[in-house]
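K.L.:
Questions regarding the structure given below will be posed in turn.
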Amino acid sequence: MSDHNDHGAHFAHGPEITEPMERWTSEFWDERYRSRPALWSGNANAVVMTETADLPPGRALDIGCGEGRDALWLAARGWRVDGVDVSRVALGRAAGHAQDAGPEIADRLAWARRDVLEWTPPAASYDLVSVSFLHLPSRNRSPVYCALAEAVAPGGSFLVVAHHPSDVGVVPRPPEPDLFFTPEDLAADLDERWEVVTRDARPRPEIHPDGYDVTLHDTVLRAMRRA
């Protein structure tokens, strides 16, 4: 998962779902990625670019890296990036894009299949943990996001981009309000070790599947772990 324009359709198309938790399985996402030669547009996420542009390169963890465009963008700026996704198909495409980018970039990238419902990254290990459009039920969201935040080293940044609850009804989304959250919801789980740098419901133009213009909002949270 990488860019804004595609994420508007993220839940609107794909296999029919009878059990909500199927959306987080490798089988579901492998099928999604196999359904098209490229599931996303290939552009890095605009929020990731904006929020990390002034950060000094270090070690980054890209959660839900998909076909790898955010990770490649970071690697081109000097970051060493671990790209993690539940889909082997997506990771194969990401590795291919990295090879196409040349050894200078490919050597800064590593790819691993991980299920964040079962896997916890090593604590205090990354200068940046970036999580884009990972929508989990609230019973899972808080423990998963807290575990991801714990992977940030002192002085590092935790960046989350997601669909804002106000988008429900504006474009097709699952009729499950529990999946969507505000930056305040995320910030409430951060303790005194954190300084919130960005807390925003960031507007962006989008085209509705029926062809007319709409304004969507992204939940954006960037927090720095105090050294």
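K.L.:
If you go through segment 210-218 one residue at a time, do you hit one that is without any contact (Cβ under 8 Å) to a residue 12 or more places away in the chain and at positive phi?
P.N.:
Within segment 210-218, the first condition is being without any contact (Cβ under 8 Å) to a residue 12 or more places away in the chain, and the residues that meet it are 210-213.
If we keep only those that are at positive phi too, we end up with 211.
Yes, some residue in segment 210-218 is without any contact (Cβ under 8 Å) to a residue 12 or more places away in the chain and at positive phi.
K.L.:
One residue is enough: does segment 114-127 have a residue meeting the conditions part of a loop (DSSP other than H, G, I, E, B), at pLDDT below 95, hydrophobic (A, V, I, L, M, F, W, C) and within 22 Å of H164 (Cβ to Cβ)?
P.N.:
Scanning segment 114-127 turns up at least one residue that is part of a loop (DSSP other than H, G, I, E, B), at pLDDT below 95, hydrophobic (A, V, I, L, M, F, W, C) and within 22 Å of H164 (Cβ to Cβ).
K.L.:
Mind listing just one residue for me: the one in segment 81-99 that is closer than 23 Å to F28 by Cα, among the small types (G, A, S) and in contact with a strand residue (DSSP E or B) (Cβ under 7 Å, 6 or more places away or on another chain) and, of those, surrounded by the fewest Cβ atoms within 10 Å (Cβ to Cβ)? Even if it seems obvious, please write down each step before you answer.
P.N.:
First pass over segment 81-99, keeping only residues closer than 23 Å to F28 by Cα: 82-97.
Filter again for among the small types (G, A, S), leaving 83, 87, 90, 92, 94-96.
Add one more test, that the residue is in contact with a strand residue (DSSP E or B) (Cβ under 7 Å, 6 or more places away or on another chain), and what stays is 83, 94-95.
On the way: G83: 29, A94: 25, A95: 17.
Per the stated criteria, the residue is A95.
K.L.:
Next up: Out of the residues in segment 187-227 meeting the condition of being of a type in the set (S, T, N, Q) and within 15 Å of T50 (Cα to Cα), tell me which one is surrounded by the fewest Cβ atoms within 10 Å (Cβ to Cβ). Working first, answer last.
P.N.:
Just the residues of segment 187-227 that are of a type in the set (S, T, N, Q), to begin with: 198, 215, 219.
Pick out the ones that are also within 15 Å of T50 (Cα to Cα) and you get 198, 219.
On the way: T198: 17, T219: 25.
Checked segment 187-227; the qualifying residue surrounded by the fewest Cβ atoms within 10 Å (Cβ to Cβ) is T198.
K.L.:
Okay, moving on. Inside segment 100-148, can you point out the residues that are closer than 18 Å to P57 by Cα, surrounded by 19 or more Cβ atoms within 10 Å (Cβ to Cβ) and not aromatic (F, W, Y)?
P.N.:
I105, R108, L109, D127, L128, V129, S130, V131 - these are the residues of segment 100-148 that are closer than 18 Å to P57 by Cα, surrounded by 19 or more Cβ atoms within 10 Å (Cβ to Cβ) and not aromatic (F, W, Y).
K.L.:
Moving on to the next point. Mind counting the residues in segment 73-102 that are in a strand (DSSP E or B) and under 23 Å from E118 (Cα atoms)?
P.N.:
Applying the first criterion (in a strand (DSSP E or B)) to segment 73-102 yields 80-85.
Among the residues that remain, those that are also under 23 Å from E118 (Cα atoms) are: 81-85.
Here the count works out to 5.
K.L.:
Further, regarding this structure: Criterion first (more than 19 Å from N45 (Cα to Cα) and either charged (D, E, K, R) or at pLDDT 95 or above (or both)) does A162 satisfy it?
P.N.:
Details: more than 19 Å from N45 (Cα to Cα): no; either charged (D, E, K, R) or at pLDDT 95 or above (or both): yes.
So A162 does not fit the description; no.
K.L.:
Here's another thing I want to ask about it. Which condition breaks for A76 when tested against (1) crowded, with 22+ Cβ neighbours inside 10 Å; (2) farther than 22 Å from W29 by Cα?
P.N.:
(1)
The values are calculated or read from the model by the stated rules, or taken from the named source; none is laboratory data. The structure presented is a predicted model; accordingly, all values stated were derived computationally and were not measured. Don't worry about glycine lacking a Cβ; one is built from the backbone with ideal geometry, like all the others, and counts go over all protein chains shown.
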